[in-house]
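Before any comments, here is the structure.
Every number here is computed from the coordinates shown, using simple stated rules; none is lab data. Source: prediction; values computed, not measured. Cβ placement follows ideal geometry from the backbone for every residue including glycine, while neighbour counts extend to all protein chains displayed.
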Amino acid sequence: MAELQNGEPPRRFMLDDENTFGQFTGTERWPIIVQNAVDDVEAAVASAAGPLAREQAGVIHRQLLSLKQEIMAKGPLRPFSQEEVQKADIPGSLNEYLERDPKHAGFSWGHSEWLYTEIYLYWRIHVLFALQSEWSHFDVFNKLKQSTFKASQHGVVELAHRYANLKPQLMQLAAQGADRSTLQVLFKEFVEISLWGNATDLSLLTNATLEDIKSIQGAKARQASEAKILVNDTDRALDQLLQESSGDQQVDFVLDNSGFELYADLMLAAFLLHTGLASKCVFHAKAIPYMVSDVMVKDLDVLIADLRDRQFFPCDSQEDAAAMDLFAADIDAFRNSNALTIESHPFWTTDLDYWHIDPVQGQHGGAEVHSTLAQSALVIFKGDLNYRKLTGDRTWPRTTPWGVAIGPLAHNGVTLLSLRTCKADVQVGLEPGVDERLSQLWERDHPGKGSWWSSSGKWAVICYSSGE
Ligand SMILES: O=P(O)(O)OC[C@@]1(O)O[C@H](CO)[C@@H](O)[C@@H]1O
Ligand SMILES: [Mg+2]
Ligand SMILES: [Mn+2]
């Protein structure tokens with residue numbers, strides 16, 4: 001294959017690749033993320049802390065500021081100390097990458113692989129809290145996660161009403177043995193809600209009945225939103241779920257962001273469980289505060305509590321409150337019956353890309369994760385960072401076939417679907433001419449940055465692999 005140079009995949013994106021979104025992220029966005037953490041620690045101290053917590057917050061404050069200086073000075077990437085490894089449970093792969101591979105000696109905040117260094121950043125932040133007894137379980141990003149979710153109330157209520165309207169029909173579909181075309185329309189709808197995972201792009205389900213959704217108007221609205229989806233393998237995923245006649249089949253979600261995206265993922269899971277397309281859904285969350293908004297196990301409990309909290313989501317109508325309470329109750333019921341579970345394997349917060357999800361990768365959890373996912377009827381990977389890990393965040397030609405870019409995963413028995421809003425430089429699986437067309441389009445309003453269309457969040461890809 002042209003994409004592999006004598007069998008080797010291309011290198012990964014580096015932070016000093018000129019005029020890339022990765023370079024912009026490393027130089028502009030990371031200092032802001034660390035400064036926001038400084039501000040949120042200060043806010044947390046001001047609100048409720050004893051003398052010891054205040055003193056320890058002062059230590060964290062100073063250490064975060066020096067981390068910010070280190071990043072801005074493009075200083076060297078130092079290994080974690082033994083104390084840090086022990087107290088913060090740092091995965092062994094992070095130091096191994098720096099110490100064992102001569103290519104990585106001399107890597108710095110300005111010259112290193114974007115994927116590694118971005119994950120290294122979140123462990124460097126986590127360590128500062130883990131080493132302080134009063135702060136070791138503090139999620140420095142919680143305030144931002146909660147304020148963002150609160151701001152999406154309109155979409156939350158809208159979707160809760162649509163769920164309440166559709167629920168009887170979903171139950172009926174399961175009972176009477178749904179016809180494929182109805183399931184197909186609904187599956188696409190819920191997949192697209194989960195894909196975009198934001199309050200604004202809710203498409204069709206305006207108090208919709210099945211008839212509305214299947215109507216011509218519905219099809220037109222769908223075409224509009226689907227124009228932004230450059231690769232769409234949704235039907236292949238549905239066929240896979242329909243063919244498993246055994247009845248009890250598991251669907252796994254490798255999660256992305258908390259808040260509205262998690263809420264949308266719960267909607268997709270509820271759809272799969274009510275229609276019987278899945279008998280169990282397993283949510284894979286992160287073990288530490290990660291990428292600012294990624295889901296930790298506790299964030300699911302927080303979300304359900306928020307749905308019931310009339311202070312958090314003040315409702316001017318009893319119907320709105322009832323719709324949110326209904327969804328919260330259904331999710332609780334799925335969790336109580338073990339139809340929905342959530343866990344956080346350490347592998348998901350390592351620096352390892354997903355070519356390591358393979359039976360031969362016994363050292364840092366890849367083989368263990370593979371054995372879980374290989375049993376799943378479908379593994380849904382959400383968001384951009386997961387896509388970057390699936391493709392190794394490598395400098396592939398943008399027409400590289402998906403099955404080439406995901407390496408061993410294409411043939412080691414994991415059936416997967418990547419729901420990715422495009423927010424990074426890596427992009428594969430495009431038909432010839434698509435990248436050129438979108439680069440010209442983007443260039444018009446962003447001179448010199450045409451290829452950044454793949455980092456804009458304006459387009460998406462839905463990519464399936466059978467794993468055979
Ligand atoms: O995975 P998500 O939430 O869809 O996107 C996360 C992201 O935007 O943040 C990082 C850039 O700082 C990248 O890993 C990725 O592009
Ligand atoms: Mg995302
Ligand atoms: Mn994310």
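Tabulated data
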| quantity | calculated |
| --- | --- |
| Using a Förster distance of 41 Å, the FRET efficiency for SER279-GLU319 (Cβ separation, nearest 0.05) | 0.85 |
| Relative contact order (percent, whole number), the chain, Cα cutoff 8 Å, 6+ residue spacing | 17 |
| Amide H within-cut-off set for ILE380, under 5 Å, with H built and near neighbours excluded | ASP252, PHE253, VAL254, LEU417 |
| Unsatisfied cross-links (Cα-Cα over 28 Å) in the set LYS143/LYS286; LYS298/LYS458; LYS74/LYS298; LYS68/LYS286; LYS389/LYS449 | LYS298/LYS458; LYS74/LYS298 |
| Simple spin-label estimate for ASP16 and ALA105 in nanometres, 7 Å along Cα-Cβ | 1.7 |
| Charge sum, other residues only, whose C-beta stays under 12 Å from ARG310's C-beta, Lys/Arg counted +1 and Asp/Glu -1 | -4 |
| Where labels lie 7 Å past Cα in the beta-carbon direction, separation of SER133 and ASN36 in nm | 3.2 |
| Structure-based [θ]222 nm, the chain - -39500 (n - 2.57) summed over DSSP H runs of at least 4, per residue, nearest 500 | -15500 deg cm²/dmol |
| Amide H partners (placed H, <5 Å) of SER293, local residues excluded | none |
| Tensor-based shape of the range 149-465 (alpha-carbon gyration tensor, a/c under 1.5 rounded, otherwise prolate or oblate) | rounded |
| Alpha-carbon gyration tensor eigenvalues x 5, square-rooted, for the range 21-140, Å | 26, 17, 10 |
| Sequence-distant residues sharing a close amide H with MET14 (under 5 Å, placed H) | TRP114 |
